[in-house]
1. Please find, within segment 128-144, the residue that is farthest from T211 (Cα to Cα) out of those that are in contact with a strand residue (DSSP E or B) (Cβ under 8 Å, 6 or more places away or on another chain) and surrounded by fewer than 20 Cβ atoms within 10 Å (Cβ to Cβ).
2. When the residues of segment 128-178 are narrowed to those that are part of a loop (DSSP other than H, G, I, E, B) and aliphatic (A, V, I, L, M), which ends up farthest from V221 (Cα to Cα)?
3. How do the pairs read when you match residues in segment 146-163 that are surrounded by 14 or more Cβ atoms within 10 Å (Cβ to Cβ) with residues anywhere that are modelled with pLDDT under 95 and assigned to a strand (DSSP E or B), using Cβ under 8 Å and keeping only pairs 6 or more apart or on different chains?
4. Given the conditions (1) under 30 Å from P266 (Cβ atoms); (2) at pLDDT below 95, and given that D50 satisfies all but one, which numbered condition is not satisfied?
5. From Y68, Y83, which residue is assigned to a helix (DSSP H, G or I) and hydroxyl-bearing (S, T, Y)?
6. May I ask you to list the residues in segment 186-202 that are charged (D, E, K, R), in contact (Cβ under 8 Å) with a residue 12 or more places away in the chain and farther than 18 Å from K131 by Cα?
7. Identify all residues within segment 28-59 that are touching a helix residue (DSSP H, G or I) at 6+ places or on another chain (Cβ under 7 Å) and not in a loop (DSSP other than H, G, I, E, B); write none if there are none.
8. Kindly evaluate G218 against the criterion of being at pLDDT 95 or above, among the small types (G, A, S) and out of contact with any helix residue (DSSP H, G or I) (no Cβ under 6 Å at 6 or more places or on another chain).
Amino acid sequence: MITVFGASGNTGGAAAAHLLKKGRKVRVVGRRPEKLAALVKAGAESAVGDLEDARFARAALTGAEAAYVLIPPNLATEDFRAYQKRVVAALASGIEAAGVRHVVLLSSIGAHHSSGTGPIVAVHDFEERLKEIGGLNALFLRAGFFMENTLMGLGSIKAQGIYGGPMPAEAAVQMIASADIGAYAGGRLERLDFSGKSVVHLLGPKAVSQTELVGILGQAVGKPIHYAQVSLDDVEKGMIQGGMRPAVVSVFVEMYRAAGQGLVAPEEGRPVELAPTTFETFAKNVFAPAYGK
């Protein structure tokens, strides 16, 4: 049996769906039962609870030979870093106590740095914690930025034809479709073809500059879109004005700053695998339908 955390999200849902199609026994984990209903209908069993609860995490992992683990986003928390630490502690102790033998962790490019990368620091710490568990075979999927992050720009694109961000216009960003992450994770969990502690960088077919990005999105939605670089100070103010908590905002601003410094990138010398979905395909199949709603 394989336990999939974050099964109501994009990557966990895709991983669980892949495993179910392959006839594997799957336990899907999430906070809300209605968001797991489709996977349960497809044959999964469900576990509903809070990942910050170590007892729940252990119960969700009990009886599993393998697991897909991640730190789900929680933008409503008062202290984002403390929340991440609690999830890491709960999942790692649950893996250890339940005797799980294989784990795929959704990590991130830049996770080889121990500080200065915002929320990515937590997956660095998660990797290090899993390395301490004897006999565990762990695969760290260091994925690029999600293509789905561009959906946060829908409002300004519709209102003004502008997509803004802190990166220079010609800065190329490594992105990947979240469904590709889930499918890759599901495939590795299906085969259990990894041993020891290993790293794979999982990226889209090519890095995309901000200029290319708005051109591709504009073609997909049928209107010109202009890129506007904004300062990190303005990003911070905008996030706070949008209702995000200052403790959450500071962590993500640190990540944006690290990206601008080249820290959020693959670790040199580690394996890289390229996923199939191009940004053009994502723009046509995901962004354009969302824009049209």
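1. For segment 128-144, the residue satisfying everything is L136.
2. Within segment 128-178, the match that is farthest from V221 (Cα to Cα) is I133.
3. G153/G164; G153/G165; S156/G164
4. All conditions pass for D50, except number (1).
5. The conditions single out Y83.
6. Matches in segment 186-202: R188, E190.
7. Within segment 28-59, V28, V29, G30, L39, S46, A47, V48, A54, A57, R58 qualify.
8. yes
The values are calculated or read from the model by the stated rules, or taken from the named source; none is laboratory data. Just so you know, these numbers come straight off a predicted model, no measurement behind them. Here the Cβ is made from the backbone with ideal geometry for all residues, glycine too, and neighbour counts use every protein chain on show.
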